[in-house]
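Only one structure is covered here, and it is reproduced in the block below.
Values quoted throughout were computed directly from the atomic coordinates according to the rules given, and no laboratory measurement underlies them. Predicted model only: the values in this text are computed from it and were never measured. Every residue, glycine among them, receives a Cβ derived from its backbone with ideal geometry; neighbour counts consider all protein chains shown.
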Amino acid sequence: MRVLALIHEEGPCSGVIAEAAAARRHEIDEWSLAWGEPAPRPLDEYAAVLVFGGVMHADQEQFHPWLREENMLIQRLLDQHVPLLGVCLGGQLIARAAHAPVTPAAEPEIGWTDVRLTAAAEHDPVLSGLPAVLKAFQWHHYRFELPAGAEPLAESRVCLQAFRLGELAWGLQFHCEVTREMILDWTAVHDANPSADRTGFEPERIRAETERYVESWNEVGRQIGSRFLGVAERVAGHHLSRV
């Protein structure tokens, strides 16, 4: 099974979700609309789509015109019932494609924070079986609101953290895909940028807490990735049985 990852930074961006895909013998192609190049293969050859994060915000189409095209693509994927998993900016883009507001958060969440699952998550195909409270890695200044008809699955002190829209689309605010190396790289780049917004940014705390939490967090990320891919497998199998 082939999976497309929409990325917004230099790759690789799939992190431990790529590990989960490899364990299930699937391949992930990373591609960005910002490159101005065709996808590696026709879009209808992908059984599922991942949408990852980026330094831009969902409403910055004036600076990143390709966001309009990505919005239309995500709307098309939703209409075609393609399994979707969005992370951070990716979750915001799915919410926006579903006409839910995406706005600045009351405060940024950068680093390790507590995320609490809702009662609905207990029966969710992707998030069920996880601990009721997660020590999750985050890096965002914006938030999504719940799309109409969606199920809220997790929340933090600051904002909604996860939803399921219909049966096949998930939006996550936390970064379930990150590896230790990704976190340390993001932190170093941000720390070295004199013009970066440092609100809520505590690099030494991030580094110390990453050593404490990242191993267990990676297990959560692999589980989320694997269970999402399991949903995509069932959808792909259903489609093949109807051919």
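Some observations on this one:
- Rounded if a/c under 1.5, otherwise prolate or oblate - the chain, Cα gyration tensor axes: rounded
- Phi angles of the stretch 102-119 translate, via the Karplus equation with coefficients 6.51, -1.76, 1.60 and θ = phi - 60°, into HN-Hα couplings of 10, 9, x, 6, 4, 7, x, 10, 10, x, 9, 9, 7, 10, 10, 6, 8, 4 Hz per residue; Gly and Pro are given as x.
- Between 0 and 90 degrees, the angle of helix 203-242 with respect to the longest Cα principal axis of the chain falls at about 10 degrees.
- Neighbour counts of other Cβ atoms within 10 Å put 93, 78 in the fewest-to-most order 78, 93.
- Using the alpha carbons alone, the radius of gyration of the stretch 128-235 stands to its Kirkwood radius in an Rg to Rh ratio of 0.99.
- The GluC sites (Glu not before Pro) found in the stretch 1-72 that occupy coil by DSSP, while having at most 14 further C-beta atoms within 10 Å, are 10.
- Between the stretch 38-59 and the stretch 81-124, the Cα center-to-center distance that results, in Å: 17 Å
- Residues 44, 124, 29 arranged by fewest to most Cβ contacts within 10 Å: 44, 29, 124
- Vicinal HN-Hα couplings computed from phi for the stretch 167-183 (Karplus, 6.51 cos²θ - 1.76 cosθ + 1.60; Hz; Gly/Pro x): 9, 10, 10, 10, x, 10, 8, 7, 8, 7, 8, 5, 9, 4, 4, 4, 4
- A convex hull fitted to the Cα coordinates of the stretch 1-66 yields 89 cubic angstrom per residue.
- Residue-wise HN-Hα couplings along the stretch 123-137, as the Karplus relation 6.51 cos²θ - 1.76 cosθ + 1.60 with θ = phi - 60° gives them from phi, are 10, 7, x, 9, 9, 5, x, 7, x, 5, 10, 10, 8, 10, 8 Hz; Gly and Pro carry x.
- Residue 215/residue 123 FRET efficiency (R0 25 Å; Cβ-Cβ; nearest 0.05): 0.35
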